[in-house]
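> This is the structure, below, for whatever I ask next.
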Amino acid sequence: MVESSRQSQGTSSCSQVAEVPAKTAQTTNNQPVKSAAKAVLNQDYQGAMARGAQQLTTSQDTEVWAALARISSGAQLTTAQKATFHQVFAEELTGMAGHYSATDLERLTIGIAAIGEDPTQFNGVNLIAEIIKKAATAGITGQVYGIIALSTQDYGSQANQTINQLIDLVLKQQNTAGGWAFFGSVSDLDITGMTMSALGMHRDQPKVQSALDRAVALLKTTGFVKATGGFLIPGGFSTEENSNSTAMAILGLAAAGVNPATTFVGDNGATPITNLIAYQKADGQFRWMMGSDDGALSMSTEQAVYALGQYDYLLKGKGSIYNFKKVVPEPDPEPKPDPKPAPDPKPSIPGKKPAGESSASSSSEVDLDKTLPKQPGYKEDGMPLTGTTATQDALPQTGHQSVWGSVLAGLFMLLGVAGYQTRRLKQR
């Protein structure tokens, strides 16, 4: 377990969640610090990420971190691949025989959530309930990954309370330099990056953003190697740059909303992104140490791919790679009533049927103001119309007269007769 010892990358263990790789034994401060070779300025992070994810697929890596790396790279797992991960996770959980450490539970929770399954009822175990019991009393890694695991989905109020408790515990462990250590007081790049990735999911919490700002300042002033674009804080476990530590620093920065490719620019334009890509081999694997095939390259590949995945998430505004909350589409809003209803149409009468139009269209309506003559009962030459002729000329011709039409017809006939009588009197 990582809480009790650090292991060489040459050894694989189920506690890789927080392993800090080390190639060299503990050294004194008088020994020279080695640095990685100058990074090739390849900025195609998407190509490097895709090649790394493909290599993990080809090698049939079934670790939790391989699942996370492939999914965060944008790769889609097939049903068969998800079933394989499910089986591996279930067998590992069964093999624990009820003796769960916090980091084991948290690591499995991340993998289970990543493949779209429910950690509250996986293989007969409620991993979330177990994490709530154990995380607060675990070491720094158990607390950091407790925050992450409990934040992968919405697990209820008790989980949220535990997240807040763990955040408080982690914030209290930030050292005066602005970083976090596995033990002691010297900041560790891997632990600092991991902690930043957890806190980055809760930047709205009090004091979290200021803690992240201090960590970014540490990486700028102490961790960044301008000559290569990578990161190195010499300590008791490593005095050389390596891909794992740089990947964890990139992960933490991107999760905290800081672009490592623009905030950290070294000699000749070298950045943490170009530095990490320079560790990649032709087959897609990432080396642990520059120019060397020693160590657990599968772990280096996993961490490099999901660190680049988090960088990609930052650029696309997608949040944390650990957030597997399902997005529920909002329902369509109910239609609102028209605040201004259309005015009632003007009274109309059946329209005059155009020449050649069938009787089926004889029910069309026309505007009385435009159809009826100004002086009904008169022809265009001013002569009055009499009898039924006046009615027929004043009204549109239709197949039948409505009641309203009959009333109007009678009215116009009377007006026509009255006008005729008046003109005759004047002529006399």
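> May I ask you to give the percent of accessible area on region 252-318 that is carbon plus sulfur, with a probe radius of 1.4 Å? Mind dumping the intermediate values first?
Values: 840 of 2000 Å².
Summing carbon and sulfur atoms, their accessible area is 42 percent of the total for region 252-318.
> How large is ³J(HN,Hα) for each residue in region 73-88, as worked out from phi by the Karplus curve 6.51 cos²θ - 1.76 cosθ + 1.60 (θ = phi - 60°), to whole Hz, x for Gly and Pro?
Using θ = phi - 60°, the values come out as 6, x, 5, 9, 7, 6, 4, 5, 5, 5, 5, 5, 4, 4, 5, 4 Hz.
> Measuring from a point 7 Å past the Cα of Asn268 along Cα-to-C-beta, which residues in region 277-305 have an amide N at less than 18 Å?
Backbone N within reach: 277-280, 290-291.
> Rounded, prolate or oblate: which fits region 31-183, taking a ≥ b ≥ c as square roots of the Cα gyration tensor eigenvalues, rounded meaning a/c under 1.5, else prolate when a/b beats b/c? Mind dumping the intermediate values first?
Values: a/c = 1.98, a/b = 1.09, b/c = 1.82.
Oblate.
> Points 7 angstrom from Cα along the Cβ direction at Lys226 and Lys316: gap in nanometres?
3.5 nm
> In terms of the Cα gyration tensor, with a ≥ b ≥ c the square roots of its eigenvalues, is region 184-262 rounded because a/c is under 1.5, prolate because a/b exceeds b/c, or oblate? Mind showing how you got there, number by number?
Numbers: a/c = 1.97, a/b = 1.52, b/c = 1.29.
Prolate, since a/c reaches 1.5 and a/b exceeds b/c.
> Now, a different point. Considering only protein heavy atoms and a 1.4 Å probe, what is the carbon-and-sulfur percentage of the accessible area of region 114-188?
45 percent
> May I pose another question? With each pseudo-label sitting 7 Å past Cα toward Cβ, what's the Ala83-Ser157 distance in nm, one decimal?
Calculated label separation equals 4.1 nm.
> Sticking with the crude label model, points 7 Å out along Cα→Cβ, report the distance from Asp293 to Thr58 in nm, one decimal please.
Computed distance between label sites Asp293 and Thr58 equals 1.4 nm.
> A further question on this structure: Considering only Cα-Cα distances, which of the following residue pairs are longer than 31 Å: Lys281/Lys318; Lys220/Lys325; Lys172/Lys325; Lys134/Lys220? Provide the component values of the computation, followed by the final result.
Working: Lys281/Lys318 28 Å; Lys220/Lys325 33 Å; Lys172/Lys325 28 Å; Lys134/Lys220 34 Å.
Cα-Cα > 31 Å for Lys220/Lys325; Lys134/Lys220; rest within.
> Assign one of three labels to region 193-314, namely rounded, prolate or oblate, based on the Cα gyration tensor with a ≥ b ≥ c the square roots of its eigenvalues; rounded applies when a/c is under 1.5, prolate when it is not and a/b is larger than b/c, and oblate otherwise. Don't skip to the end; give the middle numbers.
On the way: a/c = 1.73, a/b = 1.52, b/c = 1.14.
Prolate shape, in that a/c is at least 1.5 and a/b is the bigger ratio.
> Send over a whole-number figure in Å² for the accessible area per residue of region 164-302, probe 1.4 Å. Numbers along the way, then the final one.
Numbers: 4760 Å² over 139 residues.
Counting only protein heavy atoms, the per-residue value for region 164-302 is 34 Å².
> Could you list the trypsin sites (Lys or Arg not before Pro) in region 178-263 that lie in coil according to DSSP, counting only those with at most 16 other Cβ atoms within 10 Å of their Cβ?
Values: sites: Arg203, Lys207, Arg214, Lys220, Lys226; in loops: Arg203, Lys207, Lys226.
Answer by residue number: Arg203, Lys207, Lys226.
> A follow-up question, please. Starting from the Cα of Ala217, move 7 Å in the Cα-to-Cβ direction to define the label point; list residues of region 164-185 whose amide nitrogen is under 18 Å from there.
171-181, by backbone N distance to the label point.
The values are calculated or read from the model by the stated rules, or taken from the named source; none is laboratory data. All values reported here derive from a predicted model rather than from experimental measurement. Counting neighbours? That spans all protein chains shown, and the Cβs are built from the backbone with ideal geometry, glycine included. Note: accessible area is taken over every heavy atom of the protein model, side chains too, but ligands, DNA and RNA are not part of it. Shrake-Rupley method; radii C 1.70, N 1.55, O 1.52, S 1.80 Å.
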